[in-house]
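Report on the structure given below.
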Amino acid sequence: MQSYEERLTAPRSWWVIAALIGVACALMLLPLGTLPMLGGLIGGAALSAVAVSSYGSARIRVVGGALIAGDAKIPLSALGEAQALDADEALAWRTYKADARAYMLLRGYVRTAVRVEITDPEDPTPYAYLSTREPERLVSALASVRG
């Protein structure tokens, strides 16, 4: 049985932006003195780093008979065909081909994705769109676990 695990971490440039937000907060508080400026630097950088970290903490796992993607836990018995999407096809599925009922674990900074049909007749969700840096590996993990 092949398992799969991936964390959709935020790009490095976002961490630079978080540091720059701290600098901007420090500059706003500079007229109030050195201590408020340092507080603004530390507080602004820390809050923006927490925001970047929490957004980049989404995980995709295939384990224990389920596909766990973000907050969703989908049993493998409810999944149909999985399709790896290259950058162009992934863009199409998150824009004009998208279904409003679909579950989307979407990260704009990850260009490739996997589209997995959901076959549970009691679930109105037609498919799950999962941003992933390794779509072929995720598809093969799903196929090996189901088969």
Inset, instruction - Please state which of the following conditions P11 fails to meet, knowing it meets all the rest: (1) more than 17 Å from V114 (Cα to Cα); (2) modelled with pLDDT under 95; (3) open to solvent by 80 Å² or more (accessible area, probe 1.4 Å). - result: (3)
Legend entry - Index of the failed condition, G39 passing every other in (1) open to solvent by 50 Å² or more (accessible area, probe 1.4 Å); (2) at pLDDT 95 or above: (1)
Inset, instruction - Confirm whether R107 is surrounded by 14 or more Cβ atoms within 10 Å (Cβ to Cβ), among the basic types (K, R), on the phi < 0 side of the Ramachandran plot and out of contact with any strand residue (DSSP E or B) (no Cβ under 6 Å at 6 or more places or on another chain). - result: no
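Okay, residues lined up against (1) under 16 Å from the mean Cα position of the chain (by Cα); (2) not hydrophobic (A, V, I, L, M, F, W, C):
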site	(1), (2)
S3	no, yes
T9	yes, yes
V16	no, no
L29	no, no
T34	no, yes
I42	no, no
A46	no, no
A49	no, no
Inset, instruction - Quick one: in the range 129-147, of everything that is aliphatic (A, V, I, L, M) and more than 26 Å from W14 (Cα to Cα), which residue is surrounded by the fewest Cβ atoms within 10 Å (Cβ to Cβ)? - result: A143
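For every residue, the table says whether it meets (1) open to solvent by less than 80 Å² (accessible area, probe 1.4 Å); (2) in contact with a His (Cβ under 6 Å, 6 or more places away or on another chain); (3) over 30 Å from V139 (Cα atoms).
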residue: C25; (1), (2), (3): yes, no, yes
residue: M28; (1), (2), (3): no, no, yes
residue: G43; (1), (2), (3): yes, no, yes
residue: S48; (1), (2), (3): yes, no, yes
residue: G56; (1), (2), (3): yes, no, no
residue: V62; (1), (2), (3): yes, no, no
residue: L67; (1), (2), (3): yes, no, no
residue: D71; (1), (2), (3): no, no, no
residue: A78; (1), (2), (3): yes, no, no
Legend entry - Which numbered condition V16 fails, given (1) of a type in the set (V, I, T); (2) under 30 Å from Y127 (Cβ atoms); (3) surrounded by fewer than 17 Cβ atoms within 10 Å (Cβ to Cβ): (2)
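The values are calculated or read from the model by the stated rules, or taken from the named source; none is laboratory data. Since we're looking at a predicted model, the values are computed, not measured. Glycine also receives a Cβ, built like all others from the backbone with ideal geometry; neighbour counts cover every protein chain displayed. To get the accessible areas, we keep the full protein, side chains included, count just its heavy atoms, and leave off ligands, DNA and RNA. Shrake-Rupley method; radii C 1.70, N 1.55, O 1.52, S 1.80 Å.
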